[in-house]
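The values are calculated or read from the model by the stated rules, or taken from the named source; none is laboratory data. Please read all numbers here as calculations on a predicted model, not as lab measurements. So basically every Cβ, Gly included, is an ideal-geometry build from the backbone, and we count neighbours across all protein chains shown.
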Amino acid sequence: MKRALVIGGGPAGLMAAEALADAGLAVTVAEAKPTLGRKFLMAGKSGLNLTKDAPLEEFLAAYGATRGWLEPVLRAFGPEQVQDWARGLGQTVFTGSSGRVFPKTMKASPLLRAWVRRLDGKGVRFVMRWRWQGWRGDAAVFATPQGEQVLTPDVTVLATGGASWARLGSDGAWAEWIGVPLAPFRPSNMGFRRQWSRFMEPHFGAPVKPVRLTVGGQSVTGEFVVSRKGIEGSAVYAVSAALRDGGELVLDLLPDLALAQVEKRLAKPRGRNSLSNHLRKTLGLKGVKAALLREGGVLPDGAALAARIKALALPLDGPAPLDEAISTAGGVPVEALDGLMLKDRPGVFCAGEMLDWEAPTGGYLLTGCLATGRAAGWQAARFSAG
């Protein structure tokens, strides 16, 4: 029986292991941490977003410049297949109002337990606290509690993660010994720093919603949170790549109202009301939104104030550090690959976040990891068969 090694016990690695086992190979999964799927479990603490129930063309567009080489992989294992996969593990799924798909339990742990049981039933062997140290010829070398271990499988799938959330296992250390030129790691789906004025201090932790964020030609309506350090949250993550790459953030604090409607309401007689009370009574602008409005300086009157409400420029001080990002861009570039196999190391395939791609939160990240893991596993199985 041919032997397969999967390095990394996250979603991409487990999906590769299942594909290899289904193809009849003896599979070993080597995980550096004491338990499997740590980042997967952390992501599920706030509700495990499995995928996005959207038309495939719309779904694929979220992968931006990397869509071209990812598209065949995602067409083979996209939103519908992810939902079927979860149901196959005994997890009922549902689609929220935003199109995001969740397991009914809203947790990752029941799904992971069922998955590991199924893999165990297929003969997959798991070894924990095996930290990959690189290559020795064609062999993979590991530091383990039992000392150095060296494995020489017929095929290997690397699913070692990106370079964010080091405490959960994605530390990017593998970049030193993988043996191919990498695209530099950059934070993705991260918050941004901002030195706030005193007006914002009472609002730290407050959600800003609904709000439209625009960066260049990209816009998204949703919500974000003001923190002591800056801004973070799903709407920020959706435009984080554009912000990271030099775009400027503009906020529409009242996305449900047209500029003319805002001007008309502001034109109502103020009487003895202060401007703050006038904004609250005519537009419902109060709390954190009113404080954000003051971040633009002294409030003007009339049309200029309406224009600021609908297009508030919010300068930022740069992205949060790499290790605070939900995911990373950079890693193994498509130019180094033949399919998902390393050109310079035949029989070694790559999957998941270690590949140079990025996508927003909202189910796209997990779907991409599952899809590339499955594809790498099947490609490795075909390679082993000659």
Task: Qualifying positions in region 215-233 - polar (S, T, N, Q) and more than 16 Å from GLU324 (Cβ to Cβ) - done: GLN218, SER219, THR221
TODO: Report yes if LYS289 is farther than 30 Å from LYS45 by Cα and of a type outside the set (Val, Ile, Thr), otherwise no.
DONE: no
Task: Enumeration of residues in region 306-343 that are touching a Leu at 6+ places or on another chain (Cβ under 6 Å) and free of Cβ contacts under 8 Å to residues at least 60 places away in the same chain - done: ALA306, ILE309, LYS310
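Mind counting the residues in region 156-204 that are assigned to a loop (DSSP other than H, G, I, E, B) and within 25 Å of VAL141 (Cα to Cα)?
Result for region 156-204: 17.
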Open item on the list: On the basis of being modelled with pLDDT of 95 or more and among the basic types (Lys, Arg), does ARG193 make the cut?
Closed with: yes
TODO: Pairs only if they're at least six apart or on different chains, beta carbon under 8 angstrom, first in region 21-44 and within 15 Å of TRP132 (Cβ to Cβ), second among the acidic types (Asp, Glu); list them, first residue then second.
DONE: none
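Using the structure shown, decide if GLU176 is modelled with pLDDT of 95 or more and of a type in the set (Asp, Glu).
When the stated conditions are applied, GLU176 does not pass them.
Scan region 22-40 residue by residue and report those that are in contact with a helix residue (DSSP H, G or I) (Cβ under 7 Å, 6 or more places away or on another chain) and either surrounded by fewer than 24 Cβ atoms within 10 Å (Cβ to Cβ) or closer than 19 Å to ASP84 by Cα (or both).
Listed by number, the residues that qualify are ALA23, LEU36, ARG38, LYS39, PHE40.
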- [ ] Go through the residues of region 350-366 one by one and say whether even a single one is surrounded by 14 or more Cβ atoms within 10 Å (Cβ to Cβ), over 22 Å from VAL27 (Cα atoms), among the β-branched types (Val, Ile, Thr) and modelled with pLDDT of 95 or more.
- [x] no
Task: Criterion violated by VAL298 - all others in (1) part of a loop (DSSP other than H, G, I, E, B); (2) of a type in the set (Val, Ile, Thr); (3) touching a Leu at 6+ places or on another chain (Cβ under 9 Å) satisfied - done: (3)
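Here's a check for you: in region 178-237, which residue that is of a type in the set (S, T, N, Q) and within 30 Å of LYS343 (Cα to Cα) is surrounded by the fewest Cβ atoms within 10 Å (Cβ to Cβ)?
ASN189
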Open item on the list: Suppose the filter is in a helix (DSSP H, G or I) and either of a type in the set (Phe, Trp, Tyr) or exposed (fewer than 13 other Cβ atoms within 10 Å of the Cβ) (or both); does ALA291 pass it?
Closed with: no
TODO: Sort through ARG113, ARG87, ARG118 and tell me the only one that's in the same structural domain as LEU340 (by TED's automatic domain parsing) and touching a residue at least 24 places away in the same chain (Cβ under 8 Å).
DONE: ARG118
